[in-house]
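Accompanying notes for the structure given below.
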Amino acid sequence: IIDEEETQFMSNCPVAVTESTPRRRTRIQVFWTAPPTGTGCVILKASIVQKRIIYFQDEGSLTKKICEQDSTSEGVTDKPILDCCACGTAKYRLTFYGNWSEKTHPKDFPRRTNHWSAIIGGSHSKNYILWEYGGYASEGVKQVAELGSPVKMEEEIRQQSDEVLTVIKAKAQWPAWQPLNVRAAPSAEFSVDRHRHLMSFLTMLGPSPDWNVGLSAEDLCTKDCGWVQKVVQDLIPWDAGTDSGVTYESPNKPTVPQEKIRPLTSLDHPQSPFYDPEGGSIKLVARVVIERIARKGEQCNIVPDNIDDIVADLAPEEKEEDDTPETCIYSNWSPWSACSSSTCEKGKRMRQRMLKAQLDLSVPCPDTQDFQPCMGPGCSDEDGSTCMMSDWITWSPCSVSCGMGTRSRERYVKQFPEDGSMCKVPTEETEKCVVNEDCSPSSCLVTEWGEWDECSASCGMGMKRRHRMIKMTPADGSMCKAETTEAEKCMMPECHTIPCLLSPWSEWSDCSVTCGKGMRTRQRMLKSAAELGDCNEELEQAEKCMLPECPIDCELTEWSQWSECNTSCGKGHMIRTRIIKIEPQFGGAACPETVQRTKCRLRKCLRGPGMEKRRWKEAREKRRSEQAKKNIDSEQYPVCRLKPWTAWTECSTLCGGGIQERYMMVKKRSKSTQFTSCKDKKELRACNVHPC
């Protein structure tokens, strides 16, 4: 309690505070103490009692929910980065699971352009930080956050070659979310060692001003001198501090001066797609899983791991005996092709033969292609004395920074021979490496070559490239002649092994119309190379879509001419009319007025005896004419009186053109049989003529 004269604890509810003196007031003030960290949110409630049985509670801002601030939003990470004492190296796989979709984040979700940009990062030492919470974004981070381009950031990472072990890259995802049975989650593999035991990565949530997710300086070295088995981290979006937009598709608005990288919150701006007036935490947009898949070298962790890497059983399938009919004459089988898998994952290899003659057309000849399961080099388990090996781990840095040196790479035994014998397959290999052949001061210093890119072809012959960076230009100011890109041919499995490789179908597009009948489409891409020949599979599909009926506005005819004035002298009025052609339907605009009246003025009416006589004469003539008309009618339809028209019936159909009817029934009919024209009348008209 702040002021005991104004407030007091309630006697029947000790945790509640109420007024001390009954008088009109607009507020009560109290101090409150936050609970311990990690105990959840605090809810403050106020009640206003008007009378004993009338009170207000929970409405509007009478309830306030205050949640504990996320530790990641406290600015610069204050967790110290310790030196790593682990031995050897470890290999990890990063897998990124996006959870940002229209279902989870419906407010203003960009349905057509949502995506995650390409993932870019690296395993590095504590002497180089790619980006950090509470720090300022580099030009590379800015280009990822604003444009989704990883090129500049990869260049920045490669320039720190002494502090970086592996560059982490994974492809972009369009759209941002698809089920895992339709599209696999993107992943990338990287290695760490005692010096470079941290990993960082970044990917843009697009479209957005400068929002991204990622990890910064995640330490994979344990205090027990081992390597972390698995890391699972949920991610919320961060603002790079370079653009001041507040919505997904805000126009560019550079932040000047640049601000620090900070987490987005639910109270940043009312127009923000993450806005929550109660200040709750932002719903998670992604999850990253980092799993250890291999270790190499002698390990020195104090506490051994309980769970080690699991190896799948890759027993080869048995082939059936050749059952070729004698009436089919073939050429000899070609040699087996290279395995479609270069790793220890199961793949296929193929051989071919040519059908030279078919002696009996009634006996079908078997296929001319034969497939067999296989694995990459060093992974075969055909007999019990075979070792099953892992992939080679990335080459170590060259032992020198200038001139001739050596580098090595290692692999480990995934499965020892079943007969208990020792593995004789080498687990380490060394080769010479040259970095900056000319070591003079006037020479150009470059980094080591990076890893080879993927082969440009999915089958057959292709090209692959690798890159390196210039670390220092010559001291004499001359041009650097060292090549920074190298290319060579690469051979993938024969193209016949992949007859027609297609991407999954995309999601259906929006309907081509906003109401009524339209069309929608979806596409998929041909992933196999052009040299495979024509692929007859369809790449685009279209189907009809139906949205709620389009509103039909009321339609009317043009106004008729004004009628004559309803008086022969003095003041009167004229009218004009128009007819409804189409009644409004499905929320269309209502019909405006169909009758208009306007005043008219003729000559002044004359007064006096002459005028009275004239009026009497006109009235007499009018009576005579009406009587004559009645006589004519009675001659044509003697004793035949009709009721007024009935109302129109309901339309016979809801759409596509229907019929309405109305009737005029005989009120009184002559008993004489000679008047056959005294009958009921019926009228028809079209209705609901719009298409279904």
Step by step: find N for segment 224-264, compute 2.2 N^0.38 Å, then divide the Cα radius of gyration by it. What's the final number? 1.84
Carbon plus sulfur, as percent of the 1.4 Å-probe accessible area of segment 89-296, comes to 49
List the residues, sorted by chain then number, that are 5 or more residues from Gly450 or on another chain and whose placed amide H is less than 5 Å from its amide H. His467, Arg468
Inverse mean reciprocal Cα-Cα distance (Kirkwood Rh) of segment 134-285, Å: 17.2
Got a number for the accessible area of Glu19? Probe 1.4 Å, square angstrom, nearest 10. 60
In whole Hz and in residue order, list the ³J(HN,Hα) couplings for segment 422-437 that follow from phi through the Karplus curve 6.51 cos²θ - 1.76 cosθ + 1.60, θ = phi - 60°; x for Gly and Pro. 7, 7, 9, 6, x, 9, 8, 9, 10, 9, 6, 9, 10, 10, 6, 3
Surface accessible to a 1.4 Å probe, per residue, for the residues of segment 89-296, Å²: 43
Surface share of carbon and sulfur [accessible, 1.4 angstrom probe, percent] for segment 7-67: 56
So who's got an amide H within less than 5 Å of the one on Thr7, skipping anything under 5 residues away but keeping other chains? H placed 1.01 Å off N, in plane. Ser20
Calculated Rg and Dmax of segment 7-67 using C-alpha coordinates, Å: 13.3, 40
Using θ = phi - 60° and the Karplus form 6.51 cos²θ - 1.76 cosθ + 1.60, what ³J(HN,Hα) does each residue of segment 221-238 get, whole Hz, x for Gly and Pro? 9, 8, 5, 8, 6, x, 10, 4, 6, 7, 10, 10, 10, 7, 10, 10, x, 10
If eta is 0.692 mPa s and T is 37 °C, what Stokes-Einstein diffusion coefficient results for segment 79-210, Kirkwood Rh from Cα pairs, in µm²/s? 205
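The values are calculated or read from the model by the stated rules, or taken from the named source; none is laboratory data. Keep in mind that this is a model prediction, so the values were computed, not measured. The area values use the complete protein model at the heavy-atom level, side chains included, leaving out ligands, DNA and RNA. Shrake-Rupley method; radii C 1.70, N 1.55, O 1.52, S 1.80 Å.
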